[in-house]
Amino acid sequence: MKSTGTTGTNAVDWEARVDFDRLRSERLARLKAELEISSMGALLAFDFSNIRYMTSTHIGTWAMDKLIRFSLLTRNTDPISWDFGSAAKHHQLYNPWLDRTTAEMDADPSAPHEGATRPRLEGGARAGISTLRGAFTPDAEIADKVAAKIKRELEKFGVADQPLGVDVIELPVLFALQKLGIEVVDGQQVFMEARRIKTHDEIRLLTQAASMVDAAYEELYRFLRPGVRENEAVGLVAKTLYDLGSEYVEGVNAISGERCSPHPHVFSDRLIRPGDPAFFDILHSFNGYRTCYYRTFAVGSASNAQNDAYARAREYMDRAIALVKPGATTADIVSVWPTAQEFGFADEEAAFALQYGHGVGLSIWEKPIFSRLVSLEHPEELKEGMVFALETYWPSKDGWGAARIEEEVVVTATGCEVITKFPAEELLVAGQRYYSVGGVLGHARDSQSHLNTTWGRGEA
């Protein structure tokens, strides 16, 4: 099956689905390759997405903001992961790939070869804990203990004299590493380059995640009506996704009415009214792989201004997608989008993330980035296997609302494929149930009722 095909979410014996062994090995191989061509001797990760990419371990989303765990990859060993006690014990029992290695210096010399792999001299899942964002008292010297663990491995595997690339780090840990004579450098780009091109299985997981949001939008479209609050819509979407097997509903951006312009990026308890625009961004994770997926609706009816705004946002989207293919650049894409000044902002920094694009993978925002802020002067080439989201925005001319559209795109050998499939080619009207004496009330009408008559418009 092609990468963008979908299946059930469970493993079965009668159909090839996501191959998680292959997923783990291919991700690690990409990271090792990027480390090999860098100037660094090792990579140290505190970011949960990078740890997952490196080690294929996961302890839940509750700890994502705690910088509690860390993982190391050297040129001469497979990954080592440190976690608090019970998590480390779980990894030892259920993550056998952490106890095998293809690296000679990492292997148990007395263990027999199993093809290219053999048991490690020391297991890759170990007890250890970082500073909990400063919650530990400095007197406990936790940062020093982290640094000592890292230095031991760097010396053991012969890379202590080479720079250590780190993705994100707390200052006490940084200072502790430097105190031990370790040269710490920016390792974030090594991770980002490894993650830039998605494997077959990664694309399958990203497509599956998008298909779950398709279903959430179907439920949301049926539910939307005047009298519904934004937070109720958020609750419905979250329940739908968790029922379908989502690992984590990261956020549901629910915006309606006059809140659509300017875009506040956070839902409220606002009551949706007849004729309101409403747009949503649904972000969740399936086996670690994210979505970023906007759709815009009109509730009850749509004004001409709303429809015009939507048509404008759709045009910018379609012109951009038409250019996506291997060899094109992010500059090519953003060149067909409007400047910040054209839709009411002083400059591109002020308008950032409205006409925008970004890679999607284990994180929401990965390489490549599409924005007039950076892409015209620093273009990035599009390559087969990239997966990214393109998002466009346009305010309505009446100053009341706006349109927001986002599509997730996979770059193929000859062009691209859109994997976000809930209908978006025209503005959809949700909650339409009004009947007049003349029949169904028109879907295209102004919520200011007098403007729907010639007398009210002063044209009679």
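Computed from the coordinates by the stated procedures, all read-outs in this text should not be read as laboratory data. Bear in mind that the values here come from a model prediction, so they are computed numbers and not experimental data. Neighbour counts run over all protein chains shown; Cβ positions are idealised from the backbone, glycine included.
Below is a table of values for the structure above.
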| read-out | value |
| --- | --- |
| Nearest-0.05 FRET efficiency for GLN189 and GLU155, computed from C-beta distance (R0 30 Å) | 0.75 |
| Space enclosed by the convex hull of the alpha-carbon atoms of segment 197-440, per residue, Å³ | 114 |
| Backbone HN-Hα couplings from phi across segment 439-444 [Karplus 6.51/-1.76/1.60, Hz, Gly and Pro as x] | x, 5, 5, x, 6, 9 |
| Amide H contacts under 5 Å for HIS284, placed H, 5+ residues apart | GLU250, THR291 |
| Rounded to 10°, Cα long-axis angle of helix 20-36 versus longest principal axis of the chain | 70 |
| Vicinal HN-Hα couplings computed from phi for segment 122-130 (Karplus, 6.51 cos²θ - 1.76 cosθ + 1.60; Hz; Gly/Pro x) | 10, x, x, 10, 9, 6, x, 8, 8 |
| Chain lengthening between ALA135 and LYS66 when straightened (0.36 nm per residue, less Cα-Cα) | 23.9 nm |
| Relative contact order of segment 20-195, pairs being alpha-carbon contacts under 8 Å that are 6 or more residues apart, as % | 26 |
| Of all DSSP beta bridges in segment 20-195, antiparallel share, percent nearest 5 | 55 |
| Gained length - LEU93 relative to ALA16, 0.36 nm times residue gap less alpha-carbon distance | 25.1 nm |
| Spatial separation of Cα centroids for segment 348-376 and segment 385-443, in angstrom | 20 |
| Hydrodynamic radius (Kirkwood) for segment 103-243, which is based on Cα pairs only, to one decimal in Å | 20.2 |
| Karplus (6.51, -1.76, 1.60) ³J(HN,Hα), θ = phi - 60°, over segment 95-103, in Hz, Gly and Pro reported as x | 10, x, 5, 6, 9, 10, 8, 10, 8 |
| P(r) histogram, all alpha-carbon pairs of the chain included - 20 Å bins from 0, percent | 22, 49, 24, 5, 0 |
| Size of electric dipole in the chain: Cβ of Lys, Arg +1 and of Asp, Glu -1, about Cα centre, debye, nearest 20 | 740 |
| Bins of 10 Å, starting at 0 and running to the largest distance - Cα pair percent for segment 308-460 | 10, 34, 28, 15, 10, 3 |
| Computed FRET value (nearest 0.05) for SER39 with ALA322, which takes r as the C-beta separation and R₀ as 45 Å | 0.70 |
| Lys/Arg +1, Asp/Glu -1 at C-beta; segment 20-195 dipole; positive extreme among ALA194, THR102, LEU23 | LEU23 |
| Segment 200-312 shape via C-alpha gyration tensor axes, a/c threshold 1.5 | prolate |
| Pairwise label distance in nanometres, GLU381 with THR414, each label 7 Å out on the Cα-Cβ vector | 2.2 |
| Stretchable slack from TYR242 to SER86, in nm (0.36 nm times residue separation minus alpha-carbon distance) | 53.6 nm |
| Relative contact order of the chain, pairs being alpha-carbon contacts under 8 Å that are 6 or more residues apart, as % | 14 |
| Charge dipole of segment 20-195 about the Cα centre (unit charges at C-beta), most positive-ward option of GLY181, ALA140, THR61 | THR61 |
| Cα gyration tensor of segment 20-195 - equivalent ellipsoid semi-axes, whole Å, descending | 24, 18, 16 |
| Long-range amide H partners of GLY431 with built H, under 5 Å | GLY300 |
